[in-house]
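A short write-up of the structure that comes next.
The values are calculated or read from the model by the stated rules, or taken from the named source; none is laboratory data. Here the structure is a predicted model, which is why all the values come from computation and not from measurement. Neighbour counts run over all protein chains shown; Cβ positions are idealised from the backbone, glycine included. Remember, those area values only see protein heavy atoms, side chains included, never the ligands or the DNA or RNA. Shrake-Rupley method; radii C 1.70, N 1.55, O 1.52, S 1.80 Å.
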Amino acid sequence: MTVRPSPDDVELYRQMLRIRRFEEKVLSSFSSGIFYGTTHTYIGQEADAVGVLACREEGDIVVSNHRCHGHFLAYGGSMHALAAELMGRATGVTGGRGGSQHVQWEDFYANGILGGTIPLAVGMALAEKVQHSRRIVFAFMGDGTLGEGVVYESLNMASLWSVPILFVLENNRYAQTTPVQLHLAGEIADRFEAFSIPVAEADTVDVIEIHALANKSAASVRAGEGPRALVLHTYRYGPHSKGDDTRDPEEILRYKKRDPLPLQGDRLDPDLRQRVEKEVEAEVAEAFQRAQDDPLADPASLTSPLDIAP
Amino acid sequence: MNVLQALNGSLHACMAESEQVYFLGEDILEPYGGAFKVAQGLSTTYPGRVITTPVSEAGIVGLGVGMALRGLKAVVEIMFGDFIALAADQIINHAAKLRWVSGEKVRVPLVIRTPMGGGRGYGPTHSQTLEKHFLGVPGLRVLAVTALDDPGGVLKSAILEDDDPVLFIEHKLLYAKPVISLVESSEFSLQRSGERYPVYHLTIAGSPPPMLTITAYGYMAELARQAVQRLAFEHEIFADLVIPTQLSPFSLDPLLESLAKTGRLLTLEEGSHTHGWGAEVLAHAVETHGPRLQAKRLAARDMPIPASGPLEKSVIPDVEGVIRAAREMIS
Ligand SMILES: Cc1ncc(C[n+]2csc(CCOP(=O)(O)OP(=O)(O)O)c2C)c(N)n1
Ligand SMILES: [Mg+2]
């Protein structure tokens, strides 16, 4: 069972801070060689995952992408298991099989192939619909992923068959190093509207605002009104993965001035805020320490991906 | 010079030599120059012919086909080899069909370059060796570059001298490897045959007659080369190593000639074991040399490539494994 963050001010702040501190620790520890592979951090975008997934109800499904740590933590995934996964430990979310981009746990699915996750998200929503569950699907994707044709096939079918899915488009204004002006023609919202999928759009890092928008869209989806889309304009503060940042430092600074964390933190009682910050710091330190003390994944744990016998 | 510099230099040379050459790919503009930096410097030197694209692998490969049909020579970079799956339809059902269907009236001079392979902990969708799924597609040429001799020259041939669609396989771990020239090496004698796309035949210099033929391509050829050296000096097992550049269409006469001497074949590939390149090599070898042949295939285990270091290592073949297999075959 996953514990879903209750959307009160403190909890929203705590969840965002958990992501922020976790990701900062990931970036600062990378050069020490404790991780395998690469990583894509969520720093700056925390309000999206936290605001949206605070609407999640028991049993809802989350489909994530390469930049999945924030989605996973906001979903209720274990911080220790995520740290252990990055370190290739037996105790990682997938026991070291998937690594940073391929996290699967309970009803949470992430994959490193851009766009490929969207049809299967629609398929899951269709399955929930025909089985009359009240579950809905949250499907996250980035602006760059709008380049993939399969996304549009999926939007068409989602709308055609009126499936319970909320598309969450996080426009952080870049696909890797490519600014949105160099990879996208037309407007993002129009893409959904072309398939008669209603869009709510916001250029904000205010978690409360995002949560309110998401709540409304998710309620429509849950009521059986068909798919909805949420277009959230945001910004990532870190590099695309580890060290590959070609953006103008002044632009980064400009966006850092509208940081989702102090915006929400300032709404809290200072003592309470300080307590939360201490608790989160302790949680992150403990998660990484425990993960580092865990055994590396054992090749004996690897199983065949299929039964061989016909 | 390393393989990365050789390939990058070759791209520059091709764009300088022919105004018909256009380069397309994701995140290839300066100062980034592509995820693996093979495109470094191209966009500033040839701004009009270097196009950074949306994240649309099927689309850009298809556009490359279209540009090739209308008199250009398109070079398309697919950031990770794993993403070639997204472009499979354009390659198999379009690029590979046009020349034949048109009765030779149209040609598709397209090069699709992409890095395959594991070893870096990127996990199941960024570490695969998928070229085996494109071998044996009639109308498509599949090449795999190595660190030997002239990797840049092979790329140049594919871009400027080949009028057919080419899937050009690089390996992430090859980029940093120094290029080994044919003349430099004192420990090996290296022979080159073939025209545009060479087959290399490598033996330990001054060694007794070979007891075993090993064949491998791409980065695995590099591992095989290390194994051949250690087999000779540590175990007194002398092996021929045959390295093709062209994987498909299949043509590997030097291998069959070597087998006539050794009667023992060991194939090595990073793709998964079953239904792989080695199986095709073996089939040709058996058809030629029949029951006298002793053979073994080494390949990745039949499972996705895990992210965690110790897991990944246990799935992908390594030098120790080649040495072990060779010793078992000789004993
Ligand atoms: C099919 C596919 N093509 C290319 C990539 C390489 N890649 C990883 S992330 C990325 C940019 C994605 O941009 P966006 O969708 O905006 O997400 P963001 O990274 O900004 O969160 C690219 C091109 C990939 N993982 N999958
Ligand atoms: Mg983006």
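Of all the listed residues (A:ALA300, A:ALA287), the sole one being within 14 Å of chain B (Cβ to nearest Cβ) and within 17 Å of A:ALA90 (Cα to Cα) is A:ALA300. Selection of first residues in region A:284-310 that are more than 15 Å from A:PHE35 (Cβ to Cβ) and of second residues that are assigned to a loop (DSSP other than H, G, I, E, B) and open to solvent by 70 Å² or more (accessible area, probe 1.4 Å), restricted to Cβ pairs under 9 Å at least 6 apart or on distinct chains, gives the following pairs, ordered by first then second residue: A:SER301/A:ARG97; A:LEU302/A:ARG97; A:LEU302/B:ARG301; A:SER304/B:ARG301; A:PRO305/B:PRO304.
Only residues that are away from chain B (no Cβ under 14 Å) and under 21 Å from A:HIS240 (Cβ atoms) were counted across region A:92-132, and they come to 0. Just one of (1) modelled with pLDDT of 95 or more; (2) surrounded by fewer than 24 Cβ atoms within 10 Å (Cβ to Cβ) fails for B:SER251. It is (1). Counting only helices (runs of 4 or more DSSP H) wholly contained in region A:204-308, the ones carrying 2 or more residues that are of a type in the set (Val, Ile, Thr), modelled with pLDDT of 95 or more and out of contact with any strand residue (DSSP E or B) (no Cβ under 8 Å at 6 or more places or on another chain) occupy A:207-222, A:270-293.
Taken over region B:53-81, the criterion of being free of Cβ contacts under 8 Å to residues at least 24 places away in the same chain, within 12 Å of chain A (Cβ to nearest Cβ) and either away from ligand 2 (no atom under 16 Å from the Cβ) or not in a loop (DSSP other than H, G, I, E, B) (or both) is satisfied by B:GLY59 alone. Which residues, taken from region B:5-27, are open to solvent by less than 40 Å² (accessible area, probe 1.4 Å), within 21 Å of B:LEU173 (Cβ to Cβ) and either of a type outside the set (D, E, K, R) or assigned to a helix (DSSP H, G or I) (or both)? Within region B:5-27, B:ALA6, B:LEU7, B:ASN8, B:GLY9, B:SER10, B:LEU11, B:GLY25 qualify.
Residue count for region B:28-52, restricted to those that are open to solvent by less than 20 Å² (accessible area, probe 1.4 Å) and within 16 Å of ligand 2 (Cβ to nearest atom): 1.
What residue, of A:VAL10, A:VAL62, A:VAL50, is surrounded by fewer than 22 Cβ atoms within 10 Å (Cβ to Cβ) and either at positive phi or hydrophobic (A, V, I, L, M, F, W, C) (or both)?
A:VAL10
Scanning region A:191-233 for residues that are open to solvent by 10 Å² or more (accessible area, probe 1.4 Å) and under 30 Å from B:ALA35 (Cβ atoms) yields A:ARG191, A:ASP203, A:VAL205, A:HIS233. Checked against (1) within 14 Å of chain B (Cβ to nearest Cβ); (2) not in a loop (DSSP other than H, G, I, E, B), A:ALA185 meets all criteria but (2).
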